[in-house]
Amino acid sequence: MCIAHPGSRNRPRRPRGFTLIELLVVIAIIAILASLLLPVLSQARCKADRTQCLNNQRQLTLAWMLYADEFNGNLVNNVSTTDSNTNDLSWVEGILSWDFPPMPANPANTNFLNLTQSLLGPFCSRSTGIYKCPGDKVSSARGTRVRSMSMNGMMNGLGNSTISNPGYQMYYKQADILNPGPSATWVFIDEHADSINDGFFHVDMSQSVTWDDLPASYHCGSGVLSFADGHAEIRRWTDSNISGRPVTKIQYVPPPGVTASPNTDLAWVQYHTTGKQ
């Protein structure tokens, strides 16, 4: 007869731990789930940022339209850094740049007064958030830069657009925007963080080989533009040199410019920038 050890019936069993194989299986399952969920979360964040960017550009374009209404249809000044008359005020002030050491810090990168005290400031209740794309997340030396958006250089542009685009329409009044028309002529665009400086986005209408200024693709390979009739829309870039272009934190200064894929995005932007006189 087998005699049980005293107290053996009441002794609690020690919990069995995971074996190495089981732990590896759990880790593998978690990795698979993460690989499935992360793209979904990224797409959701992309859509949320894109929706906010569309709204920001609509509000900024409304301010642009209100300014014209206040000044007999005349469009707000859009001053390029190449403009010889430095006393001209513009729709936005300040020249953005990368200012990481050894470069000196650029106070314009974080100066909200360049937005609130600009010509459009009073027409958007001096709001500052509408000048910034939520997808633009790269900060300068002193923090997040205040602006991501630039204006079509042919919208009352003062500077190099008038020199490099002879034979094309410069729009000085709302009534001038007939070719290709208000619903097809863009006003504001997300500009790439390496390219943005002044508030003036230059499109060279004389060639289709290189980009002069670079559009941004913060929204999963797409950007946002607003148009002279007040609407804003998403443009999914197909040019591999533009779509998903990383931020290098090196200021883009052409020439030479980024090569444009033929008959794709640059041609589309040119068509929607201005028309022949």
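Quick notes
- Of everything in segment 260-277 that is among the hydroxyl-bearing types (Ser, Thr, Tyr) and at pLDDT 95 or above, the residue that is nearest to Met170 (Cα to Cα) is Thr274.
- Val253 among the β-branched types (Val, Ile, Thr) and either closer than 23 Å to Ser140 by Cβ or surrounded by fewer than 22 Cβ atoms within 10 Å (Cβ to Cβ) (or both): yes
Results for (1) surrounded by 10 or more Cβ atoms within 10 Å (Cβ to Cβ); (2) closer than 30 Å to Gly223 by Cβ; (3) modelled with pLDDT under 95, shown as yes or no for each residue.
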position	(1), (2), (3)
Arg16	no, no, yes
Leu20	no, no, yes
Leu24	yes, no, yes
Leu37	yes, yes, yes
Val40	no, yes, yes
Thr61	yes, yes, no
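- Within segment 153-170, being at pLDDT 90 or above and among the hydrophobic types (A, V, I, L, M, F, W, C) holds for Met154, Met155, Met170.
- Residues located in segment 226-277, provided they are in contact with a Leu (Cβ under 9 Å, 6 or more places away or on another chain) and of a type in the set (A, V, I, L, M): Ala232, Ile234, Ile242, Val258, Ala260, Val269
- Any hit, segment 216-236, residues being assigned to a loop (DSSP other than H, G, I, E, B), among the polar types (S, T, N, Q) and farther than 28 Å from Asn55 by Cβ: no
- Every residue from segment 225-242 that is acidic (Asp, Glu) and under 21 Å from Trp211 (Cβ atoms): Glu233, Asp239
- When segment 113-150 is filtered for residues that are without any contact (Cβ under 8 Å) to a residue 60 or more places away in the chain, assigned to a loop (DSSP other than H, G, I, E, B) and more than 22 Å from Tyr218 (Cα to Cα), the ones remaining, listed by number, are Gln117, Ser118, Leu119, Ser125, Arg126.
- Restricting attention to segment 217-252, the residues that are free of Cβ contacts under 8 Å to residues at least 12 places away in the same chain and within 19 Å of Val187 (Cα to Cα) add up to 0.
Listed here are the residues, each with its yes/no results for (1) touching a strand residue (DSSP E or B) at 6+ places or on another chain (Cβ under 6 Å); (2) aromatic (Phe, Trp, Tyr).
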| residue | (1), (2) |
| --- | --- |
| Trp186 | yes, yes |
| Met205 | yes, no |
| Val209 | no, no |
| Arg236 | yes, no |
| Lys249 | no, no |
| Ala267 | no, no |
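- Matching entry among Ile196, Ile189 (being in a loop (DSSP other than H, G, I, E, B), hydrophobic (A, V, I, L, M, F, W, C) and within 30 Å of Pro107 (Cα to Cα)): Ile196
The values are calculated or read from the model by the stated rules, or taken from the named source; none is laboratory data. On a predicted model such as this, the values are computed, not experimentally measured, just so you know. Don't worry about glycine lacking a Cβ; one is built from the backbone with ideal geometry, like all the others, and counts go over all protein chains shown.
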